[in-house]
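Asker: Following this message is one structure expressed as structure tokens.
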Amino acid sequence: MTAYEAELTHIEQRELFYTGKAKSLYRTNRPDVLWVDFRDDLTAGDGKKRGQEAGKGALNARIAAHLFDYLEGAGVRTHFLKYIEPSVHLVRAVQILPLEVVVRNIAAGSLIRRIGWEEGRPLSEPLVEWYYKRDDLGDPLLAEAHIALLSLADSTTLASLKEQALLINTLLQKKFSDAGLLLADFKLEFGRLASGTIVLADEISPDTCRLWDASSRVSYDKDRFRKDQGDVLGAYREVARRLGLV
């Protein structure tokens with residue numbers, strides 16, 4: 001155990017300072033470390049549809065920790081520091097960038113509504129999209145010209161984010177393929193450390209990915225909640241099982 005890892009064993013949860021759709025963030029006794037609690041809440045349709053599944057938060061926390069460890073091992077810098085069972089991550093404090101980065105490999109979700117393709121049609125190459133992190137606007141899709149107009153990120157930052165997103169896509173596709181799953185699409189968020197370095201943040205889980213069985217195309221992600229398909233917890237547990245976590 002390194003000295004820094006030893007320090008993390010003494011982290012104490014302090015006051016709540018942010019509540020998201022499915023996670024609560026707390027300050028700790030260290031200003032550079034946050035305590036993230038994964039809740040059992042489910043939301044869809046920009047928060048218009050809400051529900052709960054007991055145990056969902058713990059599954060997402062475990063899956064996300066496993067995937068962050070995997071990506072870190074492949075050279076991707078993340079905010080993740082430590083997993084505390086059953087539902088807590090210790091993470092580096094970052095300033096979240098106001099952009100959601102979506103990578104698509106297979107036509108699904110809002111893409112099919114926008115371009116008229118049938119669900120399940122493979123894309124010839126991964127598609128990277130930008131969405132404005134503004135709940136009051138419904139997190140709209142942005143062109144790079146809009147990003148420049150709003151001064152959300154410069155061209156160098158966007159190029160770096162796209163490069164990182166495509167690398168993460170390649171790594172996750174391999175990881176999920178080995179588990180018999182197709183990665184149709186997924187959402188990423190990035191944050192800036194106090195040093196200015198941009199790292200992967202938030203989470204990667206069935207809440208933020210579309211994951212389908214490679215043979216049957218059965219969904220093992222939040223679409224089961226969005227589409228009222230039932231057994232949401234069972235789907236998330238199956239992802240964890242295939243990743244060797246349960």
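The values are calculated or read from the model by the stated rules, or taken from the named source; none is laboratory data. None of the values given here were measured: they were computed from a predicted structure. Backbone-built Cβ (ideal geometry, glycine too); neighbour counts: all protein chains shown.
Asker: Condition test on Ala61, is it of a type outside the set (Asp, Glu), within 18 Å of the chain's Cα centre (by Cα) and surrounded by 19 or more Cβ atoms within 10 Å (Cβ to Cβ)?
Answerer: Yes.
Asker: Please enumerate the residues belonging to the range 98-128 that are surrounded by fewer than 14 Cβ atoms within 10 Å (Cβ to Cβ) and touching a residue at least 40 places away in the same chain (Cβ under 8 Å).
Answerer: Scanning the range 98-128 gives a single hit, Gly120.
Asker: Hey, another quick one. Do we find a residue being over 18 Å from Tyr83 (Cβ atoms), out of contact with any strand residue (DSSP E or B) (no Cβ under 8 Å at 6 or more places or on another chain), outside any helix (DSSP H, G or I) and at pLDDT 90 or above anywhere in the range 2-18?
Answerer: no
Asker: Where in the range 73-146 are there strands (runs of 3 or more DSSP E), lying wholly inside it, with at least 2 residues that are among the charged types (D, E, K, R)?
Answerer: The strands (runs of 3 or more DSSP E) meeting that bar are 95-106, 122-132.
Asker: Additional query: Would a scan of the range 210-220 turn up a residue that is aliphatic (A, V, I, L, M), within 20 Å of Glu72 (Cβ to Cβ), assigned by TED's automatic domain parsing to the domain that holds Ala108 and touching a helix residue (DSSP H, G or I) at 6+ places or on another chain (Cβ under 8 Å)?
Answerer: No, the range 210-220 contains no residue that is aliphatic (A, V, I, L, M), within 20 Å of Glu72 (Cβ to Cβ), assigned by TED's automatic domain parsing to the domain that holds Ala108 and touching a helix residue (DSSP H, G or I) at 6+ places or on another chain (Cβ under 8 Å).
Asker: Among Ala201, Ala153, which is outside the structural domain of Gly75 (by TED's automatic domain parsing), free of Cβ contacts under 8 Å to residues at least 60 places away in the same chain, crowded, with 16+ Cβ neighbours inside 10 Å and over 16 Å from Leu59 (Cα atoms)?
Answerer: Ala153
Asker: If we keep just the residues of the range 21-54 that are within 16 Å of the chain's Cα centre (by Cα) and at pLDDT below 95, which is nearest to Val88 (Cα to Cα)?
Answerer: Applying the filter and picking the extreme gives Lys21.
Asker: Looking at (1) in contact (Cβ under 8 Å) with a residue 40 or more places away in the chain; (2) touching a Ser or Thr at 6+ places or on another chain (Cβ under 9 Å); (3) surrounded by 19 or more Cβ atoms within 10 Å (Cβ to Cβ), which is the only condition Asp37 fails?
Answerer: Exception for Asp37: condition (3).
Asker: Any idea which of Leu183, Leu150 is over 22 Å from Leu42 (Cβ atoms) and either of a type in the set (A, V, I, L, M, F, W, C) or touching a Ser or Thr at 6+ places or on another chain (Cβ under 9 Å) (or both)?
Answerer: Leu150
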